[in-house]
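One structure is given below, encoded as structure tokens.
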Amino acid sequence: MVNTMGQKSRLEDFRGAQLFKQDANFLRKIEELVDMKFKKVHYAYWDSKMEFSIKDNRVTRIGMWQCWLSELPECLGDLNSLKFLALNFNDLKVIPESIGNLKSLKYLQLGWNKITTLPNSLSNLSSLKQLSLGNNRLSSILDSIGALKSLESLDLAVNNISILPESIGGLCSLKRFSLGKNKLRELPSSIAKLTSLLYLEASENNLETIPKSIGNLALLYDLLLDNNSISSIPKSIGNFKQIVELHLGNNNLTNIPKSIGNLTTLTDLFLGDNHLANLPKSMKNLCLLKNLSIAGNPLSKVPKWIKRLESLRTLYIDKNIELPENLLNLESPISIIRK
């Protein structure tokens with residue numbers, strides 16, 4: 001028989017909610033730290049700076065935005081039922097090791113803080129699906145991050161990361177990976193193991209090369225590598241059977257592999273601001289291409305085969321470049337934007 005009297009004795013009232021003592025204790029400590037009050041809300045909506053939701057007398061969701069929170073108490077690890085924790089736009093510098101006790105946690109949002117290091121215990125969050133660490137001050141990533149086998153979305157954009165551990169290849173469920181605005185010079189070869197990946201963004205880094213093995217990411221929809229120092233693209237990009245957007249603008253490319261013609265699902269291709277003197281004829285096979293940027297390259301003229309791109313709607317080119325005859329007289333007119 002369940003001892004309901006004993007269970008009730010462990011419940012406390014907090015902001016109109018009956019909570020177990022450890023949950024109420026954590027929320028009270030947070031209120032003391034920021035001198036603000038929590039609001040109990042329904043799971044489906046969030047409309048204030050400090051909110052929480054409950055189920056069966058346990059806190060399941062916590063959201064705090066722009067509360068100037070600078071630290072988290074160790075008792076964070078007592079929230080056994082917590083599934084969603086959003087602490088974006090605060091003043092956090094460190095995360096307590098006790099966070100590793102949150103076995104039910106699925107969504108962890110820590111963007112726009114001042115976090116410099118991550119606790120080793122983070123790798124214990126076996127249920128975690130989303131980890132947002134963008135806009136912080138991280139310079140490195142834990143080797144143990146590869147243990148997060150359930151992780152589907154990882155945001156590390158806008159930090160100071162110069163190298164990624166090879167263990168990143170252990171994130172076998174990862175679908176979305178954001179790495180923009182860091183200091184990366186290369187991507188680890190183990191990235192080829194992320195075969196579930198749909199979106200990879202590594203713009204505005206210091207990348208000089210792309211691993212040949214990137215072609216293993218056959219499910220990619222979006223690959224964003226603009227604003228780097230990339231000098232060549234591997235032939236293996238032709239393996240992207242369902243890619244829609246490919247951003248390679250503002251790099252040091254001197255040629256594009258013929259295999260790009262295999263990307264028949266591509267709708268947006270950005271090759272502007274490189275060192276391309278010519279384009280591969282195989283690009284005429286890009287039958288779904290709608291937007292093409294080739295401005296800022298030493299091209300003397302737009303190739304004639306451009307007229308074969310029946311879906312093309314917008315073409316970005318240099319002011320003085322020569323156009324093929326009758327390009328502007330096609331049945332489906334192309335918008336020419338000269339830069």
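Quick note: the coordinates plus some simple rules give every number you see, no bench work behind them. Note that the structure is a prediction, hence the values are computed from the model and not measured. Please note: Cβ atoms are built from the backbone with ideal geometry, for glycine as well, and neighbour counts cover all protein chains shown.
Below are the figures for this structure:
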| quantity | calculated |
| --- | --- |
| Exceeding the 23 Å Cα-Cα cut-off - candidates 114/212; 37/106; 258/307; 183/319 | 114/212; 37/106; 183/319 |
| Degrees, to the nearest 10: 21-34 long Cα axis against longest axis of the chain | 70 degrees |
| Radius 11 Å from Cβ of residue 24, net charge of other residues (Lys, Arg +1; Asp, Glu -1) | +1 |
| Relative contact order [Cα under 8 Å, 6+ residues apart], segment 208-339, whole percent | 17 percent |
| Förster radius 22 Å - calculated FRET efficiency between residue 206 and residue 166 (Cβ-Cβ, nearest 0.05) | 0.70 |
| Gyration tensor verdict on segment 252-327 (Cα atoms; rounded if a/c is under 1.5, prolate if a/b is larger than b/c, oblate otherwise) | oblate |
| Part-to-part distance (alpha-carbon centres) for segment 78-117 and segment 231-308, which is given in Å | 41 Å |
| Mean Cα-pair separation over length for segment 206-259, i.e. relative contact order, pairs under 8 Å, 6 or more apart, % | 41 percent |
| Shape call, segment 208-339: gyration tensor on alpha carbons, a/c limit 1.5 | oblate |
| Global form of segment 1-137, assessed from the alpha-carbon gyration tensor, a/c cut-off 1.5 | prolate |
| Ranked 142, 151, criterion: other C-beta atoms within 10 Å, fewest first | 142, 151 |
